[in-house]
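The values are calculated or read from the model by the stated rules, or taken from the named source; none is laboratory data. Only a predicted model underlies this, so the values are computations on that prediction, with no experimental measurement involved. All Cβ positions, glycine included, derive from the backbone under ideal geometry; neighbour counts span all protein chains shown.
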Amino acid sequence: MIYAEIGIGNGSFLSTEVEVGQRERRVKGLIIRRLVSVYLRVWIGKRVLILDTREGLKTSRKSKVGRKLVVGFVSTRYRQSRRSMDFKQPVK
């Protein structure tokens with residue numbers, strides 16, 4: 001999955017996190033391929049509130065204290081029906 005975020009709290013105002021299996025990397029700028037959902041994340045102290053167009057309202061607690069306010073875009077480079085995310089097999 002690809003998580004593109006705009007807001008304060010990350011290393012840069014525009015950033016993208018790319019996840020492949022258990023690995024992830026963060027890059028500056030936005031990468032949006034096939035849009036899956038849009039979310040608003042508010043992190044104040046140890047509480048996180050996420051309002052997502054696909055999964056609805058979610059709340060969670062973090063072990064560390066932080067502040068973050070971002071609008072994010074969840075996208076994928078792959079077909080929606082694919083379960084395994086493999087960089088070696090791009091969508092045609």
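Inspect all residues belonging to the range 31-49 and state whether any of them is polar (S, T, N, Q) and without any contact (Cβ under 8 Å) to a residue 24 or more places away in the chain. Taking every residue of the range 31-49 in turn, none turns out to be polar (S, T, N, Q) and without any contact (Cβ under 8 Å) to a residue 24 or more places away in the chain. Mind listing whichever residues of the range 51-65 are within 18 Å of E5 (Cα to Cα), basic (K, R) and exposed (fewer than 12 other Cβ atoms within 10 Å of the Cβ)? Across the range 51-65, the qualifying residue is only R54. Just one of the listed residues (R61, R25) is part of a strand (DSSP E or B), under 13 Å from the mean Cα position of the chain (by Cα) and among the charged types (D, E, K, R), and it is R25. Mind checking which residues of the range 43-55 are in a strand (DSSP E or B) and either more than 17 Å from the chain's Cα centre (by Cα) or at pLDDT below 95 (or both)? Across the range 43-55, the qualifying residues are I44, G45, K46, R47.
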